[in-house]
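Undergrad: Please read through the structure below; I'll follow up with questions.
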Amino acid sequence: MLILMMGGNAVAKTLDFDNSPVGMPPEGWTLTKTGQGQSKWTVEADATAPSKPNVLKQSGRATFPVAIKSDTSIGDGFVEVKFKAVAGSEDRAAGIIWRAKDADNYYVVRANALEDNVVLYKTIKGVRTSLDIVGRKGGYGVSTSVAAGQWHSLRCDFTGSRFKVAYDGKPLFEVEDTTIAEAGMIGLWTKADSVTLFDDLAYGEVK
């Protein structure tokens with residue numbers, strides 16, 4: 001199901017995966033990874049889904065499993081998703097990506113249920129680097145409770161070199177970076193052995 005919303009100068013789309021065949025990869029996506037391993041992205045039925053009945057599940061194991069929405073190209077805009085970290089002993093992470101050129105070049109902000117923090121990175125030529133928070137020197141993201149087995153929301157609004165991150169509906173931090181300035185694709189991200197569910201992926205461009 002695709003929902004279109006007009007607000008101000010933004011046109012937003014929301015994907016809920018409810019019309020996709022269960023057990024199959026969703027259409028219109030590049031389902032891949034950064035680094036080594038094998039990602040596994042499938043549409044699954046889940047009774048806890050924020051918009052029932054289906055979710056998108058990542059259950060493979062790779063350095064960074066990545067799902068890129070192939071038909072998107074957004075320079076300034078937003079991406080937001082609801083996620084549930086289900087399992088993972090090495091990591092339990094959920095992330096959203098934007099301005100992606102491919103599986104090796106993108107921005108990502110991720111929440112981690114093992115570390116209880118949210119961190120924004122740039123990935124350039126497959127190398128991930130955390131970015132400093134505006135108004136603070138050093139440090140690594142922001143500590144916040146990311147309870148496993150519960151649904152949360154993660155959002156980033158990006159305009160020019162400024163990225164504003166919100167978690168569970170509340171502003172969390174901002175980052176300034178100019179590395180990737182041009183429009184790119186949006187998508188979803190996990191790490192290592194994370195088993196993560198995603199639903200209600202919303203994204204839009206601000207002209």
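The values are calculated or read from the model by the stated rules, or taken from the named source; none is laboratory data. Keep in mind it's a predicted model, so treat the numbers as computed, not measured. We place every Cβ from the backbone using ideal geometry, glycine too, and count neighbours over all the protein chains shown. Each accessible area value is taken on the protein alone, full model and side chains, heavy atoms only, with ligands, DNA and RNA left out. Shrake-Rupley method; radii C 1.70, N 1.55, O 1.52, S 1.80 Å.
Undergrad: Return yes when LYS164 is free of Cβ contacts under 8 Å to residues at least 24 places away in the same chain, within 25 Å of ASP104 (Cα to Cα) and under 17 Å from the mean Cα position of the chain (by Cα) and no when it is not.
TA: Yes; evaluated as a whole, the condition is true for this residue.
Undergrad: Conditions: (1) more than 18 Å from PRO25 (Cα to Cα); (2) in contact (Cβ under 8 Å) with a residue 60 or more places away in the chain; (3) open to solvent by less than 60 Å² (accessible area, probe 1.4 Å). VAL86 meets all but one. Number of the miss?
TA: With respect to (1) more than 18 Å from PRO25 (Cα to Cα); (2) in contact (Cβ under 8 Å) with a residue 60 or more places away in the chain; (3) open to solvent by less than 60 Å² (accessible area, probe 1.4 Å), VAL86 is out only on (3).
Undergrad: Right, here's the next one. Here are some conditions: (1) of a type in the set (A, V, I, L, M); (2) without any contact (Cβ under 8 Å) to a residue 60 or more places away in the chain; (3) touching a Gly at 6+ places or on another chain (Cβ under 7 Å). ALA100 meets all but one. Which one does it not meet?
TA: (2)
Every residue, every condition in (1) of a type in the set (Gly, Ala, Ser); (2) at pLDDT 95 or above; (3) over 21 Å from ILE68 (Cα atoms), yes or no:
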position: LEU120; (1), (2), (3): no, yes, no
position: SER130; (1), (2), (3): yes, yes, no
position: GLY141; (1), (2), (3): yes, no, yes
position: THR144; (1), (2), (3): no, yes, yes
position: SER153; (1), (2), (3): yes, yes, no
position: THR159; (1), (2), (3): no, yes, no
position: VAL165; (1), (2), (3): no, yes, no
position: LYS170; (1), (2), (3): no, yes, yes
position: ASP177; (1), (2), (3): no, yes, yes
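Undergrad: Here's a follow-up. The conditions are (1) under 19 Å from TRP41 (Cβ atoms); (2) of a type outside the set (A, V, I, L, M, F, W, C); (3) part of a loop (DSSP other than H, G, I, E, B), and THR178 fails exactly one of them. Which is it?
TA: The number of the failed condition is (1).
Undergrad: Restricting the search to region 27-40, which residues are open to solvent by 10 Å² or more (accessible area, probe 1.4 Å) and not acidic (Asp, Glu)?
TA: GLY28, TRP29, THR30, LEU31, THR32, LYS33, GLY35, GLN36, GLY37, GLN38, SER39, LYS40
Undergrad: Is it the case that region 137-144 has a residue that's part of a loop (DSSP other than H, G, I, E, B), on the phi < 0 side of the Ramachandran plot and free of Cβ contacts under 8 Å to residues at least 12 places away in the same chain?
TA: yes
Undergrad: Which residue out of VAL22, VAL43, VAL11 is of a type in the set (A, V, I, L, M), part of a strand (DSSP E or B) and modelled with pLDDT of 95 or more?
TA: VAL43 is the lone residue from the list that is of a type in the set (A, V, I, L, M), part of a strand (DSSP E or B) and modelled with pLDDT of 95 or more.
Undergrad: Looking at GLY184 and the list (1) surrounded by fewer than 22 Cβ atoms within 10 Å (Cβ to Cβ); (2) modelled with pLDDT of 95 or more; (3) out of contact with any Lys or Arg (no Cβ under 8 Å at 6 or more places or on another chain); (4) not hydroxyl-bearing (Ser, Thr, Tyr), which single condition is not satisfied?
TA: Among (1) surrounded by fewer than 22 Cβ atoms within 10 Å (Cβ to Cβ); (2) modelled with pLDDT of 95 or more; (3) out of contact with any Lys or Arg (no Cβ under 8 Å at 6 or more places or on another chain); (4) not hydroxyl-bearing (Ser, Thr, Tyr), the lone unmet condition for GLY184 is (3).
Undergrad: Also: Being surrounded by fewer than 22 Cβ atoms within 10 Å (Cβ to Cβ), out of contact with any helix residue (DSSP H, G or I) (no Cβ under 8 Å at 6 or more places or on another chain) and touching a residue at least 24 places away in the same chain (Cβ under 8 Å) narrows it down to one residue among LEU131, LEU154, LEU120; which is it?
TA: The match here is LEU131.
Undergrad: Next question. State yes or no: is TRP29 of a type in the set (Phe, Trp, Tyr), at pLDDT 95 or above and out of contact with any Ser or Thr (no Cβ under 8 Å at 6 or more places or on another chain)?
TA: For TRP29, the condition - of a type in the set (Phe, Trp, Tyr), at pLDDT 95 or above and out of contact with any Ser or Thr (no Cβ under 8 Å at 6 or more places or on another chain) - is not met.
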